Amino acid sequence: VPYMGNYKFDGKEYGGSHPAVDIKLPLGTPLYSIGNGTVIKATKQSSGFGNHIVVMHNNFPSLENSNKKETLYASYSHMDRLDVKVGDVVKKGEQIGLIGNTGTSTTPHLHFQIDNEDAPWSPYWPFTWSEAQDAGYDFYGAVNAGLGQSKAKKVTINPMKYIQTYMDAGSFDEKDFDSDN
């Protein structure tokens, strides 16, 4: 599922309100941190995001302007195993867990999301169950209809676009990504 995509599997960004990318991967594939940061959430749950972690990255460049620094929150969801706990400081490329199929998930995959500092919580989700029901949708129908897309666009960023912009070894000096933690 692409950023702001749907569950129709048409590959269209902005065709729904899924605020992340879902990347299908084999169960147990190692998962690594995109950058230096501090683990602020490490949760095991049977529904929703399942086993997931959130890493806070301070002083990261903004997607729109590399000279502007901001705090970003990378979340990794549906994990089989968490290799970190709240308070751990992780480095770029450090293994943080294994790909899984936990929570509201139909196959082993990574739900990878980046929230900005305006998100009221992380990982952010753009609608509640009751909002979906009030609009006449089940969970998947609400995503497909784009319920909450405008809210999600304000507090999330396209994670693959961010990676493509900043994770090329020649495009940044890693010291610029050090977190002040």
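The values are calculated or read from the model by the stated rules, or taken from the named source; none is laboratory data. If you're wondering where the values come from, they're calculated on a predicted model, not measured in any experiment. Here the Cβ positions follow ideal geometry from the backbone for every residue, glycine too, while neighbour counts run over all protein chains shown. What goes into the accessible areas is simple: the full protein's heavy atoms, side chains included, and nothing from ligands, DNA or RNA. Shrake-Rupley method; radii C 1.70, N 1.55, O 1.52, S 1.80 Å.
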Original post:
Taking N as the number of residues in the range 1-81, what value does Rg over Cα atoms divided by 2.2 N^0.38 Å take?
Top reply: 1.24
Original post:
How large, in percent, is the carbon and sulfur part of the accessible surface of the range 93-141 at a probe radius of 1.4 Å?
Top reply: 50 percent
Subject >> Accessible surface, the range 1-89, averaged per residue in Å² (probe 1.4 Å) >> reply: 45 Å²
Original post:
Which of Lys8/Lys44; Lys69/Lys91; Lys68/Lys92; Lys44/Lys92; Lys24/Lys153 have a Cα-Cα distance over 25 Å?
Top reply: Lys8/Lys44
Subject >> Computed magnitude of the charge dipole of the chain (debye, nearest 20; Cβ of K, R +1, Cβ of D, E -1) >> reply: 240 debye
**OP:** Compute the semi-axes of the equivalent ellipsoid of the range 72-125, taking the square root of 5 times each eigenvalue of the Cα gyration tensor, and list them largest first in whole Å.
**Re:** 19, 17, 9
Subject >> the chain: calculated mean residue ellipticity at 222 nm from DSSP helix runs of at least 4, using -39500 (n - 2.57) >> reply: -4000 deg cm²/dmol
**OP:** Can you give me the P(r) profile for the range 56-148? Cα pairs, bins 10 angstrom wide beginning at 0, each as a whole percent.
**Re:** 14, 34, 34, 17, 1
Original post:
Ordered by packing density, taken as the mean number of other Cβ atoms within 10 Å over each peptide's residues, highest first, how do 91-98, 24-31 rank?
Top reply: 91-98, 24-31
Original post:
Which percent of the accessible heavy-atom area of the range 1-43 goes to carbon and sulfur, probe 1.4 angstrom?
Top reply: 59 percent
**OP:** Take the alpha carbon atoms of the range 48-63, find their center, do the same for the range 89-112, and report the distance between the two centers in whole angstrom.
**Re:** 12 Å
Original post:
In nm, to one decimal, how far is the modelled label at Asp118 from the one at Met167, with both set 7 Å along Cα→Cβ?
Top reply: 2.4 nm
**OP:** Treating the Cα atoms of the chain as identical point scatterers in vacuum, please give the log10 of the normalised Debye intensity I(q)/I(0) at q = 0.11, 0.13, 0.17 Å⁻¹, two decimals.
**Re:** -0.45, -0.63, -1.09
